[in-house]
1. Mind giving me the nanometre distance, one decimal, between the label points for residue 33 and residue 118, set 7 Å out from Cα along Cα→Cβ?
2. Assuming 0.36 nm per residue, please report the length gained on full extension of the stretch residue 93 to residue 55 beyond their Cα-Cα distance.
3. Shape verdict for segment 71-118, please, from the Cα gyration tensor: rounded (a/c under 1.5), prolate (a/b greater than b/c) or oblate.
4. Starting from the 7 Å offset along Cα-to-Cβ, what nm value, one decimal, do you get for the label separation of residue 85 and residue 24?
5. Tell me the label-point distance for the pair residue 66, residue 102, using the 7 Å Cα-to-Cβ offset, in nm and rounded to one decimal.
Amino acid sequence: MQGDNSPLEGRPVSPAQTPPVSTTQSTKASDDTLLDAVATLSKGNGMTVVRHGARLAVIGELLVALLKHLPAAMQAEVAGVFRDRIEDLMSLSDDRRLPEQYHSALLTEVNRYLNALR
């Protein structure tokens, strides 16, 4: 073991000896932490949306299969009730401004099920 004056020996640094961190360095570290948190949140949300989309796809295919196996008279009755419920649903969105993508996706799904009932 080398003596106390050796440059290779590790010595604890007291807070008084720690060089001050500049505001720029502190802000950069804070920004990096925030960006990492946003990236983690975005990835988690993205995976949740993907799982949700998969579930909806399966539910949609199940509904189409069920609708196609209903007797013709029941299909017509279901289509009428479905149209009424969709009109009610669409009237709710009249009070709120929703993106065009919402309306487009809604109408695409409505038409998918109405076509299954034909």
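Computed from the coordinates by the stated procedures, all read-outs in this text should not be read as laboratory data. Quick caveat, the model's predicted, so the values are computed rather than measured. Positions of Cβ are generated from backbone atoms using ideal geometry, with glycine treated the same way; all protein chains shown enter the neighbour counts.
1. Here the answer is 5.9 nm between the modelled labels.
2. That pair, residue 93 and residue 55, stretches by 11.3 nm at full extension.
3. Oblate is the answer for segment 71-118, as a/c is 1.5 or above yet b/c matches or exceeds a/b.
4. Going by the 7 Å Cα→Cβ label model, 6.2 nm.
5. Taking the simple label geometry, residue 66 and residue 102 are separated by 2.6 nm.
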